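The values are calculated or read from the model by the stated rules, or taken from the named source; none is laboratory data. Please read these numbers as outputs of a predicted model, since none were measured by experiment. Neighbour counts run over all protein chains shown; Cβ positions are idealised from the backbone, glycine included. These area figures cover heavy atoms from the full protein model, side chains too; ligands, DNA and RNA do not enter into them. Shrake-Rupley method; radii C 1.70, N 1.55, O 1.52, S 1.80 Å.
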Amino acid sequence: MSIASVEQHIIDTAKARFGNRLKAVESLPADWDEDTFRRILRLAPGLFVVFGGGPRDTTVDDGLVINARWGLMAVTAHASGELAQRHGDSREIGAYEIIEICTQLFHQHVVPGEDQMLCTDVQNLFSGAVEKQGASLYGAEFELRMSIAPDETGGATLDDFKTFNDKFDLAPADGQAEAEDHVELPQ
């Protein structure tokens, strides 16, 4: 199973369990910046899946197997304050409940075609920046022994096209395009 397939399985499983109690269940990159954090705050309460990589399992001789780390991040932002962010209230789920549900749901959860997920850590990811934004952030980390294989289901393909336009914003990320291409392809 591919990394993308495992990630989608985790998202689908969480969405089925939480129903409409969360605004978002999505994946995020491992490295967050201020823009990422602002985006997830708009989606609070939410659950965000992060693939954290993992070391190769050297006990396996055939095929590539890793001990993958998967993080689940619960984000809440109650207007009622930090206690409601953690505990929830009559209108919105709290960060504690999200993390408790996730650890129960995914600890020893078997990913189809792979092994079972094991909860290895639960953390309060509090920081001054999180508090200033009026949010609570908690994480649960899981380990999953999984094979690394490309998704052979066909994935997204690029259809035929006649014109290609692109703008390149190179570092530093200032929002200004440093290069622009326009290519007309013969048909």
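Numbers for the structure displayed
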| item | result |
| --- | --- |
| Extension gain (nm, one decimal) between residue 90 and residue 33, 0.36 nm per residue minus Cα-Cα | 17.4 nm |
| From phi via Karplus (6.51, -1.76, 1.60), per-residue ³J(HN,Hα) for segment 103-116 in Hz, x at Gly/Pro | 5, 5, 5, 9, 5, 6, 6, 8, 7, x, x, 10, 9, 9 |
| Carbon/sulfur fraction of accessible area - segment 30-75, other protein chains in place, 1.4 Å, % | 48 |
| Protection proxy ranking of 138-144, 31-37, 89-95, 73-79 - average other beta-carbon atoms within 10 Å, highest first | 73-79, 138-144, 89-95, 31-37 |
| R0 of 25 Å, Cβ-Cβ distance residue 123-residue 12: FRET efficiency to nearest 0.05 | 0.55 |
| Added length on full extension, which subtracts the Cα-Cα distance from 0.36 nm per residue, residue 24 to residue 79 | 18.0 nm |
| Gained length - residue 148 relative to residue 180, 0.36 nm times residue gap less alpha-carbon distance | 7.9 nm |
| Nearest-20 debye value, segment 1-128 charge dipole, Cβ charges on Lys, Arg, Asp, Glu | 540 |
| Per residue value of the accessible surface for segment 23-67 (all protein chains in place, 1.4 Å probe), Å² | 56 |
